[in-house]
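Peer 1: Questions regarding the structure given below will be posed in turn.
The values are calculated or read from the model by the stated rules, or taken from the named source; none is laboratory data. Treat the numbers as computed from the prediction; the structure is a model and nothing was measured. Neighbour counts run over all protein chains shown; Cβ positions are idealised from the backbone, glycine included.
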Amino acid sequence: VEKDKAPKSAPPAKPARREGAFSWSVSRHETFRTCLRRYYLHYYASRGGWREDAPAAARELWVLRSLKNRWMWVGDLVHRAVKHSLTNLARGVKVLEADRVVEITLNLMRNEFRASVRGNYRQGRGQGLFEHEYALPVGDDGWKEMASLCERCLRNFYSSELYDSLRRREPSDLLEIETLSSFDLEGNTCWVVLDAAWRDKERVVIADWKTGRGEPGGYELQMTGYALYARERWQVPPESLDLLEFNLQSSRIHRYPIDLQSARRTASFILGSIADMKSLLADPEANAPLGQDRFPRIDEIPVCLRCSFRRVCRPELAGTVAAGDI
Ligand code: SF4
């Protein structure tokens, strides 16, 4: 595809990478930045914990790393609903109206909530909630607030001009919808999940849905990283991209400017982050880490209270925590 020309169709996705190989992602970077011990437990000590014959310690860490708190869970439910609708649009299939999507999603939410209360996630079935694992006293009002938030985000999305414009597009304009994808940066696999990407005349738009209360504009690394992916996947230069963060709680859209220079800055930043991570590998080829003691714990109790690993990492914090802290 020539410069300034949007792709006509997406090439096939790349094959999966070698299991256990080093790879980079924004969430990995955030974990590394927040707490090295959490990074170690999440990316190394829990490896293989999904297997039936996994050692008990790895299994326990795997269960803990898979937990979501109630805010993340709502975000995931909203993403799943939107993904379903956009996938149908891309296939030319009739989409459900907002009322029906809300009804289905809230039913799903109730079912997943009950399964989490029962602890099904400990047998590898269903989503586990952090609040249940750590017996946080959220209360009925707290859970109802989550259902309201979920409904609000869905209604904001389905009544938005952006969704309306997507419904009026040709199905083939939709290039990618929430697919785990990757790009290569100097031999390193970098993972991305674009919530949606579509062609708009000579440009490509990449959008990310947010459901949190955070101020818009706080996802520079994630959004500008998409430019590196778009260049490799569709040969689209940064100047031909529009990067949108759509906050579904507030209905605000934030646009991230991008050009060749800022894309290069992002690439250098990611390479620096990769070098930091690799400096803690005993065997970079095998992606084998140094010992756990090289990944120290942090001394920030508020952060530890929100950490899924605190049961094994800081058992002294096992007491009840106010739900409002999480
Ligand atoms: S409990 Fe605290 S020190 Fe331990 S992994 Fe989590 S954030 Fe790090």
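Peer 1: Got at least one residue in region 196-216 being out of contact with any Cys (no Cβ under 9 Å at 6 or more places or on another chain) and under 13 Å from ILE270 (Cβ atoms)?
Peer 2: no
Peer 1: Here's another thing I want to ask about it. Here is a list: ILE298, ILE258. Which entry is more than 16 Å from the ligand (Cβ to nearest atom), part of a loop (DSSP other than H, G, I, E, B), at pLDDT 95 or above and of a type in the set (A, V, I, L, M)?
Peer 2: On the way: ILE298 fails: more than 16 Å from the ligand (Cβ to nearest atom).
The conditions single out ILE258.
Rundown of residues vs (1) more than 24 Å from the chain's Cα centre (by Cα); (2) more than 30 Å from ILE177 (Cβ to Cβ); (3) in contact (Cβ under 8 Å) with a residue 24 or more places away in the chain, yes/no style:
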| residue | (1), (2), (3) |
| --- | --- |
| TYR226 | no, no, yes |
| GLU239 | yes, no, yes |
| GLU245 | no, no, yes |
| ARG252 | no, no, yes |
| ILE258 | no, no, yes |
| PHE269 | no, no, yes |
| LEU290 | yes, yes, no |
| PHE309 | no, yes, yes |
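Peer 1: To continue, here is another question. Suppose the filter is surrounded by 12 or more Cβ atoms within 10 Å (Cβ to Cβ) and under 21 Å from the mean Cα position of the chain (by Cα); does GLU145 pass it? Write out each step before concluding.
Peer 2: Details: surrounded by 12 or more Cβ atoms within 10 Å (Cβ to Cβ): yes; under 21 Å from the mean Cα position of the chain (by Cα): no.
Spelling it out, it is not the case that GLU145 is surrounded by 12 or more Cβ atoms within 10 Å (Cβ to Cβ) and under 21 Å from the mean Cα position of the chain (by Cα).
Peer 1: Does region 180-195 hold any residues that are among the aliphatic types (A, V, I, L, M) and within 13 Å of ALA230 (Cβ to Cβ), and which are they? Before you say what the answer is, go through the steps one by one.
Peer 2: Restricting attention to region 180-195, the residues satisfying the condition of being among the aliphatic types (A, V, I, L, M) are 180, 185, 192-194.
If the condition is that a residue be among the aliphatic types (A, V, I, L, M) and within 13 Å of ALA230 (Cβ to Cβ), then VAL192, LEU194 are the ones that fit.
Peer 1: Kindly provide the set of residues from region 149-179 that are in contact with a His (Cβ under 8 Å, 6 or more places away or on another chain) and part of a strand (DSSP E or B), ordered by number.
Peer 2: We begin by selecting, within region 149-179, every residue in contact with a His (Cβ under 8 Å, 6 or more places away or on another chain); these are 178.
The answer is none; no residue qualifies.
Peer 1: Suppose we filter SER182, SER273 for residues that are among the small types (Gly, Ala, Ser), under 20 Å from TYR43 (Cα atoms), touching a residue at least 12 places away in the same chain (Cβ under 8 Å) and in a strand (DSSP E or B); which single one remains? Walk me through how you get there before you give the answer.
Peer 2: Values: SER273 fails: in a strand (DSSP E or B).
Just one listed residue meets the conditions, SER182.
Peer 1: Residues being loosely packed, with under 15 Cβ neighbours inside 10 Å and of a type in the set (A, V, I, L, M, F, W, C): count how many of those fall in region 52-70. It would help to see each step written out before you state the result.
Peer 2: First, the residues of region 52-70 that are loosely packed, with under 15 Cβ neighbours inside 10 Å: 52-53, 55-57.
Still in the list and also of a type in the set (A, V, I, L, M, F, W, C): 56-57.
Summing the residues that are loosely packed, with under 15 Cβ neighbours inside 10 Å and of a type in the set (A, V, I, L, M, F, W, C) in region 52-70 gives 2.
Peer 1: To continue, here is another question. Is it fair to say VAL101 is among the β-branched types (Val, Ile, Thr), assigned to a helix (DSSP H, G or I) and touching a strand residue (DSSP E or B) at 6+ places or on another chain (Cβ under 8 Å)? Working first, answer last.
Peer 2: On the way: among the β-branched types (Val, Ile, Thr): yes; assigned to a helix (DSSP H, G or I): yes; touching a strand residue (DSSP E or B) at 6+ places or on another chain (Cβ under 8 Å): no.
So VAL101 does not fit the description; no.
Peer 1: With under 20 Å from SER25 (Cβ atoms), surrounded by fewer than 20 Cβ atoms within 10 Å (Cβ to Cβ) and not hydrophobic (A, V, I, L, M, F, W, C) as the only criterion, which of GLY212, GLY139 stands out?
Peer 2: After applying the criteria, what remains is GLY212.
Peer 1: Got at least one residue in region 261-280 being under 30 Å from GLU161 (Cα atoms), away from the ligand (no atom under 16 Å from the Cβ) and of a type in the set (A, V, I, L, M, F, W, C)? If you could, list the steps in order and put the result at the bottom.
Peer 2: So the first thing to find is which residues in region 261-280 are under 30 Å from GLU161 (Cα atoms), and the list is 262-263.
In the following step, the residues that additionally are away from the ligand (no atom under 16 Å from the Cβ) were identified as 262-263.
Next cut, of a type in the set (A, V, I, L, M, F, W, C) only: 263.
Yes, that holds for at least one residue.
Peer 1: Okay, moving on. Could you grab me the full set of residues in region 104-146 that are among the charged types (D, E, K, R) and assigned to a helix (DSSP H, G or I)?
Peer 2: ARG110, GLU112, ARG114, ARG118, ARG122, GLU131, GLU133, ASP140, ASP141, LYS144, GLU145
Peer 1: Something else now. State the number of residues belonging to region 16-60 that are more than 16 Å from VAL312 (Cβ to Cβ), touching a residue at least 60 places away in the same chain (Cβ under 8 Å) and either within 11 Å of the ligand (Cβ to nearest atom) or part of a loop (DSSP other than H, G, I, E, B) (or both).
Peer 2: 7
Peer 1: Quick check: anything in region 285-292 out of contact with any strand residue (DSSP E or B) (no Cβ under 9 Å at 6 or more places or on another chain), part of a helix (DSSP H, G or I), within 16 Å of the ligand (Cβ to nearest atom) and closer than 25 Å to ASN188 by Cβ? Don't jump to the end; show me each part of the working.
Peer 2: The initial filter retains those residues of region 285-292 that are out of contact with any strand residue (DSSP E or B) (no Cβ under 9 Å at 6 or more places or on another chain), namely 285-286, 292.
Now restrict to residues that are part of a helix (DSSP H, G or I): 292.
If we keep only those that are within 16 Å of the ligand (Cβ to nearest atom) too, we end up with 292.
Retained after the next criterion (residues that are closer than 25 Å to ASN188 by Cβ): 292.
Checked against the condition, which is being out of contact with any strand residue (DSSP E or B) (no Cβ under 9 Å at 6 or more places or on another chain), part of a helix (DSSP H, G or I), within 16 Å of the ligand (Cβ to nearest atom) and closer than 25 Å to ASN188 by Cβ, region 285-292 yields at least one hit.
Peer 1: On the basis of being modelled with pLDDT of 95 or more and out of contact with any Gly (no Cβ under 9 Å at 6 or more places or on another chain), does LEU77 make the cut? Show your work before the answer.
Peer 2: Working: modelled with pLDDT of 95 or more: yes; out of contact with any Gly (no Cβ under 9 Å at 6 or more places or on another chain): yes.
For LEU77, the condition - modelled with pLDDT of 95 or more and out of contact with any Gly (no Cβ under 9 Å at 6 or more places or on another chain) - is met.
Peer 1: Based on this model, can you work out whether GLY139 counts as at pLDDT below 95 and under 21 Å from GLU103 (Cα atoms)?
Peer 2: Values: at pLDDT below 95: yes; under 21 Å from GLU103 (Cα atoms): no.
Answer is no for this residue.
Peer 1: If you don't mind, another one. Please name all residue pairs, on different chains or six or more residues apart, with Cβ atoms under 8 Å, provided the first residue is in region 158-171 and is in contact (Cβ under 8 Å) with a residue 60 or more places away in the chain and farther than 20 Å from ARG100 by Cβ and the second residue is part of a helix (DSSP H, G or I) and basic (Lys, Arg).
Peer 2: Partner pairs satisfying both residue conditions: PRO171/ARG91.
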